[in-house]
């Protein structure tokens, strides 16, 4: 995702005093702090921090810290910066329904109908969470495993949290079908690492789904702030 360095520069200058800028660098960007020399002016410090974040892909962490330190100034420069969610669903009804419910919660949502398009989106920008529809193998094209594996690789690389939605009929499913699905999820890139929730479309509980998504995003925010 391309970041507007001019906006970030303005935010740093508006949100932090010189002492606060030094403290931010000391606590979270020690390499930048070590390069700050006596008498270096504030704008030079800001520029060094921006260059470091660009070189080391640290803008997301920097913005997270700025939002924590000065949320009012942060909102002025990034008014639409809520969590980013990617919905991967080929059923138009479910795609629109899920997106609408998540948008009402204040999340920024984009939807795509295929794993291939999802991988392209993940290359273009980071997402905090992906809601992915996975069906039984008999409902998928022959190469679905390769596409699924590639998508999970992209999700893992971007450190995106994961929620799975499936069209298995919950009232008719057998234990073997559920175990088969969980096995597929676990085989590819150890998805169990994500603690991915699985939601079934039959008797879909939207409130439970929304609560789970909110919980995942809150945990993600706490992880980011603790790093």
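The values are calculated or read from the model by the stated rules, or taken from the named source; none is laboratory data. Bear in mind the structure is a predicted one, so any value in this text is a computation, not a measurement. Counting neighbours? That spans all protein chains shown, and the Cβs are built from the backbone with ideal geometry, glycine included.
Would you point out which residue out of 45, 10, 104 is exposed (fewer than 14 other Cβ atoms within 10 Å of the Cβ) and either out of contact with any strand residue (DSSP E or B) (no Cβ under 6 Å at 6 or more places or on another chain) or in contact (Cβ under 8 Å) with a residue 60 or more places away in the chain (or both)? The unique qualifying residue is 104.
The residue list 134, 155 contains one member that is at pLDDT below 80, closer than 24 Å to residue 97 by Cα and out of contact with any helix residue (DSSP H, G or I) (no Cβ under 6 Å at 6 or more places or on another chain), which is 134.
Number of residues in segment 50-72 that are over 19 Å from residue 125 (Cβ atoms), surrounded by 13 or more Cβ atoms within 10 Å (Cβ to Cβ) and at pLDDT below 90: the value is 0. Candidates in segment 73-89 are the residues that are exposed (fewer than 15 other Cβ atoms within 10 Å of the Cβ) and either modelled with pLDDT of 90 or more or in contact with a strand residue (DSSP E or B) (Cβ under 9 Å, 6 or more places away or on another chain) (or both); of these, the one that is nearest to residue 127 (Cα to Cα) is 81. Against the definition (over 21 Å from residue 155 (Cα atoms), over 22 Å from the mean Cα position of the chain (by Cα) and surrounded by 15 or more Cβ atoms within 10 Å (Cβ to Cβ)), how does residue 31 come out, yes or no? No. All conditions in (1) at pLDDT 90 or above; (2) surrounded by fewer than 17 Cβ atoms within 10 Å (Cβ to Cβ); (3) touching a strand residue (DSSP E or B) at 6+ places or on another chain (Cβ under 9 Å) hold for residue 97, with the sole exception of (3). Return yes or no: is residue 114 modelled with pLDDT of 75 or more, at negative phi and surrounded by 15 or more Cβ atoms within 10 Å (Cβ to Cβ)? It is false that residue 114 is modelled with pLDDT of 75 or more, at negative phi and surrounded by 15 or more Cβ atoms within 10 Å (Cβ to Cβ).
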